[in-house]
Amino acid sequence: DIPQVPLANGTTIPQLGLGVFQVTDPNEVKDAIKWALAAGYRHIDTATYYQNEEAVGEAIKESGISRHDLFVTSKLWNNVRGYEETKQAFQTSLDKLGLDYLNLYLIHWPADGYVESWKALEDLYKDGKIKAIGVSNFEQNHLENLMSQTEIKPMVDQIETHPFFQQKELHAYLEKNGIQHESWSPLGGGRNNALSHPLIKRLAENHDVTPAQIILRWHVQRDEVIIPKSVHQERIEQNRDIFAFGLDEDEMQSIADIDAGKRVGADPQDKEWLAKSTTYGGPKK
Ligand code: A2P
């Protein structure tokens, strides 16, 4: 079974979810979710930016699984800032997903204006429209700035994390502050990633599992929530089978040692990129 991780507000999040970033073909989205739900996943991570909320909603509806048993996350894109604007964008996401509440809603990036947007998330949370609220790609400076001006602490921070970009300092800061570390691109996003690193391959052979399973298991043992993306049924199933074996302390340390400080995504401190990102709405289909 997939473990549930407690959040600071008393709700829980399944430790493994399916990511659907860069999956824009509605049929591909629906197939991936269908396979994931059949494999026991109950947690789906989407975002307005991914432009697939409608297909995610259809897949959920077609599954017949009770809403109560599902955990659905979406995210506010950078082109929307401000209290009313954020509330409207949230409602648009709900409508596209065909849902009447979200389990988790995140501010996607720390683009300027996130404090006003956060106030909208706080009120939506108090109204029960979102069961837990959080941020994504926020580093310590953004979190401190946000928390010094608002009432409710983010319950989750979803950040790029993989063996070549381990986020050791931010991980410790989140842990100290009771903010759940959630990892995007846990496998390193499929480019020059750790799947083919000799250490990861050796550990995979020793445990008779795949390199992807070693990496995902490493995340799990760091108490992260993970949302590996795949559109292949056998990989979706493989990525779920990471709860019946364990890495020992030496093995965990050997992976800690291959950290290379190498991102695959944007740098949250890159103000120019953040400013530019507020001017477009997401990839075109
Ligand atoms: P695909 O969707 O074609 O299966 P991340 O979640 O770190 O961003 O990684 C996603 C990338 O890793 C995608 O390119 C995905 O490809 C690939 N991937 C997902 N699961 C596995 C797996 N078990 N083995 C190898 N590659 C995988």
inquiry  = I'm checking my understanding of the structure. Among residues of segment 195-210 that are free of Cβ contacts under 8 Å to residues at least 12 places away in the same chain and in contact with a Pro (Cβ under 9 Å, 6 or more places away or on another chain), which one is surrounded by the most Cβ atoms within 10 Å (Cβ to Cβ)?
reply    = Ala204
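Can you spot a residue in segment 155-162 that is farther than 24 Å from Ala260 by Cβ and away from the ligand (no atom under 12 Å from the Cβ)?
Going residue by residue through segment 155-162, those that are farther than 24 Å from Ala260 by Cβ are 155-156.
Then keep just the ones that are away from the ligand (no atom under 12 Å from the Cβ); that gives 155-156.
Looking through segment 155-162, at least one residue is farther than 24 Å from Ala260 by Cβ and away from the ligand (no atom under 12 Å from the Cβ).
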ask   = Could you list, in sequence order, the residues of segment 211-247 that are free of Cβ contacts under 8 Å to residues at least 60 places away in the same chain and either of a type in the set (Gly, Ala, Ser) or more than 9 Å from the ligand (Cβ to nearest atom) (or both)?
value = Ala212, Ile214, Arg217, Trp218, His219, Gln221, Arg222, Asp241, Ala244, Phe245, Gly246, Leu247
ask   = Among the numbered criteria (1) out of contact with any strand residue (DSSP E or B) (no Cβ under 6 Å at 6 or more places or on another chain); (2) small (Gly, Ala, Ser); (3) buried (at least 21 other Cβ atoms within 10 Å of the Cβ), which single criterion is violated by Ser93?
value = (1)
ask   = Is it the case that some residue within segment 263-285 is more than 16 Å from the chain's Cα centre (by Cα), surrounded by 13 or more Cβ atoms within 10 Å (Cβ to Cβ), modelled with pLDDT of 95 or more and over 30 Å from Glu85 (Cβ atoms)?
value = no
key: Set Leu170, Leu143, Leu174, Leu195: member being away from the ligand (no atom under 12 Å from the Cβ) and touching a Ser or Thr at 6+ places or on another chain (Cβ under 9 Å)   = Leu170
message = Please list, ordered by residue number, the helices (runs of 4 or more DSSP H) wholly in segment 205-281 having 2 or more residues that are at negative phi and in contact with a helix residue (DSSP H, G or I) (Cβ under 7 Å, 6 or more places away or on another chain).
response = 211-221, 233-240, 249-256
ask   = Do the conditions hold for Gln22, that is, is it at positive phi and either away from the ligand (no atom under 16 Å from the Cβ) or out of contact with any Gly (no Cβ under 6 Å at 6 or more places or on another chain) (or both)?
value = yes
Enumeration of residues in segment 26-46 that are among the hydroxyl-bearing types (Ser, Thr, Tyr) and closer than 15 Å to Lys96 by Cβ = Thr46
query = Which one is surrounded by the fewest Cβ atoms within 10 Å (Cβ to Cβ) among residues in segment 136-174 that are assigned to a strand (DSSP E or B) and of a type outside the set (D, E, K, R)?
reply = Phe165
key: Any chance Ser185 is under 18 Å from Gly261 (Cα atoms), within 14 Å of the ligand (Cβ to nearest atom) and under 18 Å from the mean Cα position of the chain (by Cα)   = yes
Test: Asp123 is touching a Lys or Arg at 6+ places or on another chain (Cβ under 9 Å), more than 16 Å from the ligand (Cβ to nearest atom) and in a loop (DSSP other than H, G, I, E, B) = no
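The values are calculated or read from the model by the stated rules, or taken from the named source; none is laboratory data. Computed from a predicted model, the values in this text were never measured in an experiment. For neighbour counting, all protein chains shown are included, and Cβ atoms are generated from backbone atoms with ideal geometry for every residue, glycine included.
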